[in-house]
Ligand SMILES: [Zn+2]
């Protein structure tokens with residue numbers, strides 16, 4: 001028997017996670033993420049699926065982040081009507097995130113359309129074709145109707161599969177974000193079973209709110225992420241103190257803080273830490289704004305899924321009754337409220353999406369902040385190549401915001417400690433219990449440097465065969 005694998009997204013890059021498995025005539029997609037990057041390239045990549053939607057039997061989602069879930073509406077648009085399996089928390093998160101993503105796609109298409117019309121009115125771009133959004137709100141709703149919630153540790157026979165032929169999946173806590181999983185895939189054919197683990201995004205111990213990653217289940221094949229395959233994070237423990245120091249220093253300087261953060265996960269973690277710091281009087285009680293409608297909606301999902309919280313969040317909730325700071329923090333929904341922040345002349349903190357500064361309201365706050373050395377831009381997560389966030393982290397003297405060059409004179413710091421991704425050592429530790437039984441490891445979800453470094457470490461430590469597939473590469477594994 002064998003499983004045929006095709007790597008389609010997050011192959012030698014960190015975005016657009018999607019892998020196609022086939023066994024006994026059954027086709028399964030692990031993740032269906034959105035590729036994020038330069039507009040034209042992103043559009044081209046996102047509009048091609050690994051296989052025609054009609055051939056697909058089932059989709060399994062590791063977690064809700066848009067680079068893992070964001071292309072599901074396109075799948076629905078192209079006619080997929082089978083089930084999409086995920087944890088109950090992921091169902092609720094995805095409903096918010098896909099609606100938001102569809103809205104971004106629609107606004108983006110409208111923006112290009114308007115720009116073309118302007119250019120056309122002066123005789124340019126005459127023959128350019130009309131721009132359609134990658135997918136619409138209706139496509140997103142269509143995809144949501146296919147969601148099937150499945151709890152952790154509960155084996156799920158996939159649609160189309162039987163007890164002797166096809167796939168069963170079981171999910172384990174990945175400790176990366178609310179509802180995140182690593183997936184054990186059992187493929188059966190001719191009385192034989194092959195076990196493959198898809199790591200999803202591997203989290204870290206001690207992260208606020210969520211539980212620590214579970215031990216990886218035993219398998220013969222592993223598809224593992226490698227985002228930080230060449231890096232070591234600072235330990236999570238001292239991050240609160242560091243955050244307090246950064247806030248206090250900026251307040252003394254009379255500046256404000258802009259924190260670009262992923263609306264899902266990072267924002268809620270930072271909010272909880274800031275809330276704790278205020279309660280402990282470690283930082284002054286300055287205004288804190290969460291300026292992202294998606295973050296506001298997602299915070300409601302975090303409140304609802306208490307079963308996903310770790311012990312620390314439960315304790316804090318029992319003491320403060322309000323771990324996400326609804327009473328103290330300002331959650332901003334309207335554009336007017338968001339714009340009003342630009343006029344504030346007192347120290348404040350604004351947390352806003354997108355996390356890589358590519359779109360969203362954070363751009364307005366950055367535009368209003370980067371040229372003043374009193375202010376602090378505090379980066380909270382991974383910044384991919386060719387993003388504004390990467391240019392800021394690299395402290396380039398000039399950055400482009402809304403196409404306009406601006407001098408980067410604000411302070412820049414980062415709290416990588418809160419990264420939701422395991423670093424090199426943590427990835428090696430996570431796979432350790434399964435290493436002995438493994439026959440092959442496929443590294444995905446990493447840039448080439450990170451992958452090559454991690455590959456060398458795995459080969460050295462565990463004497464395993466490691467492959468870093470490119471988009472479209474096919475492999476056959478099994479007995
Ligand atoms: Zn993720």
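The values are calculated or read from the model by the stated rules, or taken from the named source; none is laboratory data. These numbers come from a predicted model, not from an experiment. Glycine also receives a Cβ, built like all others from the backbone with ideal geometry; neighbour counts cover every protein chain displayed.
I'd like the full set of residues that are part of a loop (DSSP other than H, G, I, E, B) and in contact (Cβ under 8 Å) with a residue 40 or more places away in the chain, limited to the range 241-281. Write out each step before concluding.
First pass over the range 241-281, keeping only residues part of a loop (DSSP other than H, G, I, E, B): 254-256, 261-265, 280-281.
Selection gives 254, 255, 256, 261, 262, 263, 264, 265.
Give me the residue from the range 456-475 that is without any contact (Cβ under 8 Å) to a residue 24 or more places away in the chain and in a helix (DSSP H, G or I) and, out of that set, farthest from the chain's Cα centre (by Cα).
First pass over the range 456-475, keeping only residues without any contact (Cβ under 8 Å) to a residue 24 or more places away in the chain: 456, 459-460, 463.
This time we only want the ones that are in a helix (DSSP H, G or I), so: 456, 459-460.
Numbers: 456: 26, 459: 28, 460: 30 Å.
Within the range 456-475, the match that is farthest from the chain's Cα centre (by Cα) is 460.
Within the set of pairs 6 or more residues apart or between chains, which connect a residue that is not assigned by TED's automatic domain parsing to the domain that holds residue 354 inside the range 295-309 to a residue that is surrounded by 15 or more Cβ atoms within 10 Å (Cβ to Cβ) with Cβ atoms less than 6 Å apart?
none
Give the range 248-264 a look and list any residue that's out of contact with any strand residue (DSSP E or B) (no Cβ under 8 Å at 6 or more places or on another chain) and within 16 Å of the ligand (Cβ to nearest atom), or say none.
Result: 262, 263, 264.
For the range 30-48, what are the residues that are in a loop (DSSP other than H, G, I, E, B) and in contact (Cβ under 8 Å) with a residue 40 or more places away in the chain?
Step one: of the range 30-48, the residues in a loop (DSSP other than H, G, I, E, B) are 31-38, 47-48.
Matches in the range 30-48: 31, 32, 34, 36, 37, 38, 47.
Mind counting the residues in the range 186-225 that are within 15 Å of the ligand (Cβ to nearest atom) and at negative phi?
The number of residues fulfilling the criteria is 12.
Is it the case that residue 399 is outside the structural domain of residue 173 (by TED's automatic domain parsing), crowded, with 17+ Cβ neighbours inside 10 Å, under 26 Å from the mean Cα position of the chain (by Cα) and not in a loop (DSSP other than H, G, I, E, B)?
Details: outside the structural domain of residue 173 (by TED's automatic domain parsing): yes; crowded, with 17+ Cβ neighbours inside 10 Å: yes; under 26 Å from the mean Cα position of the chain (by Cα): yes; not in a loop (DSSP other than H, G, I, E, B): yes.
Yes, satisfied.
All but one of (1) out of contact with any strand residue (DSSP E or B) (no Cβ under 8 Å at 6 or more places or on another chain); (2) buried (at least 17 other Cβ atoms within 10 Å of the Cβ); (3) assigned to a helix (DSSP H, G or I) hold for residue 420; which doesn't?
Unmet for residue 420, out of (1) out of contact with any strand residue (DSSP E or B) (no Cβ under 8 Å at 6 or more places or on another chain); (2) buried (at least 17 other Cβ atoms within 10 Å of the Cβ); (3) assigned to a helix (DSSP H, G or I): (3).
Can you tell me which residue within the range 66-80, out of those that are assigned to a loop (DSSP other than H, G, I, E, B) and away from the ligand (no atom under 16 Å from the Cβ), is nearest to residue 180 (Cα to Cα)? Let's see the steps before the verdict.
Applying the first criterion (assigned to a loop (DSSP other than H, G, I, E, B)) to the range 66-80 yields 70-71, 78-80.
Retained after the next criterion (residues that are away from the ligand (no atom under 16 Å from the Cβ)): 78-80.
On the way: 78: 26, 79: 27, 80: 24 Å.
Step by step, filter the range 66-80, then rank; the result is 80.
Determine whether the range 50-65 contains at least one residue that is farther than 22 Å from residue 304 by Cβ and either within 16 Å of the ligand (Cβ to nearest atom) or not assigned by TED's automatic domain parsing to the domain that holds residue 175 (or both). Explain how you work it out, then say what you get.
Taking the range 50-65 and keeping what is farther than 22 Å from residue 304 by Cβ, we get 50-60.
After this cut, where a residue has to be either within 16 Å of the ligand (Cβ to nearest atom) or not assigned by TED's automatic domain parsing to the domain that holds residue 175 (or both) as well, the list is 60.
Yes: one or more hits.
Please go through the range 217-229 and give me each residue that is crowded, with 22+ Cβ neighbours inside 10 Å and either in contact with a helix residue (DSSP H, G or I) (Cβ under 9 Å, 6 or more places away or on another chain) or outside the structural domain of residue 426 (by TED's automatic domain parsing) (or both), ordered by number.
The answer is 222, 224, 225, 226, 227, 228, 229.
Conditions (1) within 30 Å of residue 281 (Cα to Cα); (2) without any contact (Cβ under 8 Å) to a residue 60 or more places away in the chain; (3) in a loop (DSSP other than H, G, I, E, B), marked per residue:
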| site | (1), (2), (3) |
| --- | --- |
| 325 | yes, yes, yes |
| 328 | yes, yes, yes |
| 366 | yes, no, no |
| 369 | yes, no, yes |
| 383 | no, yes, yes |
| 391 | no, yes, no |
